[in-house]
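Engineer: Encoded as structure tokens, here's the structure I'll be asking about.
What follows draws every value from the coordinates through simple rules; no lab data is involved. Nothing here was measured: the structure is a model prediction, and the numbers come from that model. Glycine also receives a Cβ, built like all others from the backbone with ideal geometry; neighbour counts cover every protein chain displayed.
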Amino acid sequence: MHRLIDFIDDVIKQVEVVEVGGRKLVLKKYSSEPGLVKWFVVKSLSLPLQIYPYTMNSRERMSREIEFFSTKPGGVCTPEIVDVDWDQLTMLREYVDGEHLIPSISVDKVSCIAETLYKIHSSNYCLGDSKYSNFLLVNSGRVYIIDAEQSVKCSLDYMKAWDTVVFLTTIVYALGPVKAILETEEITSFMKSFIEKYIDYGGVDYVREIGDNMKLKTLVQVLLPPPYSIKLIQLVKELVRK
């Protein structure tokens, strides 16, 4: 699975950093073949259980991202949109300088990520593509969402729970094959801290879905190796009872 995630991240280079008038910006091309490959893979993996309305349509993905960046659900930070070209299906946006949670897992940073995800969910939006690398931490302590092309308005608890599952799954595999197979205190502690913080902000009903919804439980077992699939379900049941 970690190789698949690496492959997707390598292949999906829909964006390039450009300089316009001395300003560093990001150009995103929604109709590029790599982007289509990415969502074909993701949609194919999720199709049997139909857990999330992923789309391969370039115009729809662009529309979803523009709406999210413009709406900023829950007041979350998103890059400023500089220009949009609907004919070429491209967006020129602000370049945000920051860091991802990986390769160093810092429990100190868990709270701001959990808060950001909950703000999105409490505003009845979901990301769909909630992998760790789409959350960017800047020096001010703020968290930016830098990819929202699969975001949708939603009021369904299980779709919000799916965002959490995707985030935690990519964290596990980002640490490499050995740590993804052998349970480590580091990853277990991270999962527990993240879920606790997310519940503290008000997401207990969404977390409960991970343990109650059969489709979600099945996907957890498929996506995560046994040490973590079992541990995640155990943590969910334990923490929602508190």
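Engineer: Expected output is a single nm value to one decimal: the length gained when fully extending between Asp85 and Asp212, i.e. 0.36 nm times separation in residues minus the C-alpha distance. What is it?
Structural biologist: Numbers: separation 127, 0.36 × 127 = 45.72 nm, distance 4.33 nm.
Length gained between Asp85 and Asp212: 41.4 nm.
Engineer: Right, another one. So, counting K/R as plus one and D/E as minus one, what does the shell of residues with Cβ under 13 Å around Glu196 add up to?
Structural biologist: +1
Engineer: Which entries in Lys29/Lys217; Lys160/Lys242; Lys72/Lys217; Lys72/Lys109; Lys192/Lys215 show an alpha-carbon gap greater than 26 Å?
Structural biologist: Cα-Cα > 26 Å for Lys29/Lys217; Lys72/Lys217; rest within.
Engineer: Would you mind getting me the FRET efficiency between Lys72 and Tyr201? Use the beta-carbon distance for r and R0 = 22 Å, nearest 0.05. Walk me through the numbers before you get to the answer.
Structural biologist: On the way: r = 17 Å, r/R0 = 0.79.
Rounded to the nearest 0.05, the efficiency is 0.80.
Engineer: Once you order the gyration tensor axes a ≥ b ≥ c over the Cα atoms, which shape class does the range 125-242 get: rounded for a/c under 1.5, otherwise prolate or oblate by comparing a/b with b/c? Before the final figure, lay out the partial values.
Structural biologist: Values: a/c = 1.40, a/b = 1.12, b/c = 1.26.
Note, shape of the range 125-242 comes out rounded.
Engineer: For Arg61, Arg23, Arg93, what's the fewest-to-most ordering of other Cβ within 10 Å of each Cβ? Walk me through the intermediate numbers first.
Structural biologist: Values: Arg61 25, Arg23 10, Arg93 21.
Ordered from fewest to most neighbouring Cβ atoms within 10 Å, Arg61, Arg23, Arg93 come out as Arg23, Arg93, Arg61.
Engineer: Could you derive backbone 3J(HN,Hα) for the range 196-206 from the dihedral phi with the Karplus parameters 6.51, -1.76 and 1.60 (θ = phi - 60°), listing whole Hz in sequence and x where the residue is Gly or Pro?
Structural biologist: For the range 196-206, the Karplus curve yields 4, 5, 4, 5, 4, 6, x, x, 4, 5, 6 Hz.
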